[in-house]
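Remarks on the structure that follows.
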Amino acid sequence: MEKSKSNLTSNLKKATIEMLLLKLLSENDMYGYQLSQQLKKRSNGAYTILEGSMYPILYRLTDQKYISFYEQKVGKRQTRVYYHIEPDGKEYFHKMLESYQSYSAIIDFLLHSSEGDVYDG
């Protein structure tokens, strides 16, 4: 049963990570480690993502022009890559959020409905 729960959680996470990354970036520019730590901190450890799973999503969002990046020097030798949400990314995020909320409301209704109940949107 534990493996089944793990797979389900993984599938749900994949479906939401892009939206959550865009949410964080709509608040502030952040670098990769910072994004993963914010998700972990805000969820009190319940939502974690490996950076290796996150970067392909960030790269795809960059290719789609939803986010951009810039480098900032930290110390003498280290640079950090910060991600920035673009106007098209904000629009995309809001559309994703609306879709998620609508779909989530339907699922919630169905989970709590009885025979004869009809969703009225």
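None of the figures in this text is laboratory data; all of them are computed from the coordinates on show. What you see is a predicted model; the values in this text were computed from it and never measured. Cβ: placed from backbone, ideal geometry, glycine included. Neighbour counts: every protein chain shown.
If I model a spin label at GLU27 and PHE69 as a point 7 Å from the Cα along the Cα→Cβ vector, what separation in nanometres do I get?
Taking the simple label geometry, GLU27 and PHE69 are separated by 2.2 nm.
Just subtract the alpha-carbon distance of SER53 and TYR119 from 0.36 nm times their residue separation and send over the number in nm, one decimal.
Working it through step by step, the gained length comes to 20.1 nm.
What is the extension gain from LEU110 to HIS94, computed as 0.36 nm multiplied by their sequence separation minus the C-alpha to C-alpha distance, in nm to one decimal?
Gain in length upon complete extension: 3.3 nm.
Give the Cα extents of the chain along the principal axes, in whole Å, largest first.
Cα spread of the chain along its principal axes, largest to smallest: 67, 37, 23 Å.
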